[in-house]
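Written below as structure tokens is the structure these notes are about.
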Amino acid sequence: MVAALRLVAPIEQTMVLIAPAMAVCALLGWQAGGRFWLAAIWMGLAVWILSTSIPGAGAFDPLARGWSVVLAASFGIVGAVAPGRPFFTRALSATGLTFAVALAVVLGMRVPPTVIARNVSGEITRRVEATEAEWRVREASPEWGAFTAQYPAAAEMVAQGEAQVRAVKPFSITFFPALLALESLAALGLAWSLYHRASRARIGPPMRPVREFRF
């Protein structure tokens, strides 16, 4: 819904990240004595989300789904091997492991880095073009004309916002790996919190308040 966030978030459909992570958390919880039906529901939901393609997403869509699967699997492996570690350590380890697996796959399949870069750039460009198409439809409407005539200052602010969105595009492409890592950490944190609200079976120490977070 927010144009700038569509460019900053590498994986636009956040449920593609959250559903597999929730399924892994539920599986770990089932092993810790939790409810089986919760794990079954989230596994089914994750499979359904990952098997449903997004219309018009192009070659970037399977890359995003593959990343989410490896990320969730890595998070589950780290949780099973080191159940006593706090969440942030697990999430960082899982994200680093996912990057390592992705690099190994790229090298093993001999995929040129330019192909991945082209898919990423094409996806960001697609989002910018979709946003600009929405702007053109809005600006062609009589309601928008009446609004700009009544509130010229607000229309100028909207135009500045549109220019800022276009300026975000090269930033998003350049820092795509870092943004992907941050989004992955955020999705794992959200899945971790949602799971512990839905189940009494603990799978690790509780997450500390955000105000205590330090690098």
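Summary table below
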{"quantity": "Positive dipole terminus of the chain, leading residue within Trp135, Thr114, Met157 (C-beta point charges)", "calculated": "Thr114"}
{"quantity": "Whole-Hz ³J(HN,Hα) from phi, Karplus 6.51 cos²θ - 1.76 cosθ + 1.60, for segment 67-82, glycine and proline x", "calculated": "4, 5, 5, 5, 4, 5, 5, 5, 5, x, 5, 5, x, 6, 6, 10"}
{"quantity": "Whole-Hz couplings from phi, Karplus 6.51/-1.76/1.60, listed for segment 110-124; x for Gly and Pro", "calculated": "6, 8, x, x, 5, 5, 5, 4, 5, 5, 5, 4, x, 5, 4"}
{"quantity": "Rounded tilt (10° steps) of 15-31 against the dominant C-alpha axis of the chain", "calculated": "10 degrees"}
{"quantity": "Å² per residue, accessible surface of the chain at 1.4 Å", "calculated": "58 Å²"}
{"quantity": "For segment 87-215, convex hull volume per residue from C-alpha positions, Å³", "calculated": "195 Å³"}
{"quantity": "Accessible surface of Ile203 - all protein chains present, 1.4 Å probe, nearest 10 Å²", "calculated": "20 Å²"}
{"quantity": "Accessible surface, 1.4 Å probe, highest first, among residues Glu143, Glu132, Glu123", "calculated": "Glu143, Glu132, Glu123"}
{"quantity": "Order of exposure, largest accessible area first, which applies to Ser193, Ser74 with probe 1.4 Å", "calculated": "Ser193, Ser74"}
{"quantity": "Computed log₁₀ I(q)/I(0) - Debye formula, equal Cα scatterers, no solvent, the chain, q 0.07, 0.11 Å⁻¹", "calculated": "-0.28, -0.64"}
{"quantity": "Estimated distance in nm for a label pair at Val210 and Phe171, the labels positioned 7 Å out from Cα along Cα-to-Cβ", "calculated": "1.9 nm"}
{"quantity": "Zone residues, segment 157-199, relative to Trp37, backbone N less than 16 Å from point 7 Å out along Cα-to-Cβ", "calculated": "198-199"}
{"quantity": "Net charge of Cβ neighbours under 13 Å - reference Arg136; Lys, Arg +1; Asp, Glu -1", "calculated": "-4"}
{"quantity": "Segment 140-211: translational diffusion in µm²/s, Stokes-Einstein, Kirkwood Rh over Cα pairs, 4 °C, 1.567 mPa s", "calculated": "78 µm²/s"}
{"quantity": "Over segment 87-128: Kirkwood hydrodynamic radius from C-alpha pairwise inverse distances, Å", "calculated": "12.0 Å"}
{"quantity": "Separation of the Glu129 and Met157 label points, Cα + 7 Å toward Cβ, nm", "calculated": "3.2 nm"}
{"quantity": "Segment 157-215 - charge dipole about Cα centre, Lys and Arg +1 at Cβ, Asp and Glu -1, debye rounded to 20", "calculated": "320 debye"}
{"quantity": "Share of carbon and sulfur in the accessible heavy-atom surface of the chain [1.4 Å probe, %]", "calculated": "69 percent"}
{"quantity": "Principal-axis tilt of helix 152-174 within the chain, Cα atoms, nearest 10 degrees", "calculated": "50 degrees"}
{"quantity": "For segment 1-123, the Rg and Dmax computed from alpha carbons only, in angstrom", "calculated": "15.7, 47"}
{"quantity": "Value at 222 nm in deg cm²/dmol, rounded to 500, when DSSP H runs of n ≥ 4 in the chain each add -39,500 (n - 2.57)", "calculated": "-26000 deg cm²/dmol"}
{"quantity": "³J(HN,Hα), Karplus 6.51/-1.76/1.60, whole Hz, each residue of segment 136-149, x for Gly, Pro", "calculated": "5, 5, 5, 5, 7, 7, x, 4, 5, x, 5, 5, 5, 5"}
{"quantity": "Point-charge dipole on Cβ atoms (K/R +1, D/E -1) for the chain, about Cα centre, debye to 20", "calculated": "960 debye"}
{"quantity": "Potential lengthening between Ser141 and Leu103 on full extension [0.36 nm per residue; Cα-Cα distance subtracted]", "calculated": "8.9 nm"}
{"quantity": "Rounded tilt (10° steps) of 36-51 against the dominant C-alpha axis of the chain", "calculated": "40 degrees"}
{"quantity": "Gained length - Val69 relative to Ala149, 0.36 nm times residue gap less alpha-carbon distance", "calculated": "23.8 nm"}
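The values are calculated or read from the model by the stated rules, or taken from the named source; none is laboratory data. Since this is a predicted model, take the numbers as computed values, not measurements. Neighbour counts are summed over all protein chains in view; Cβ atoms, including those assigned to glycine, are modelled from backbone coordinates with ideal geometry. Remember, those area values only see protein heavy atoms, side chains included, never the ligands or the DNA or RNA. Shrake-Rupley method; radii C 1.70, N 1.55, O 1.52, S 1.80 Å.
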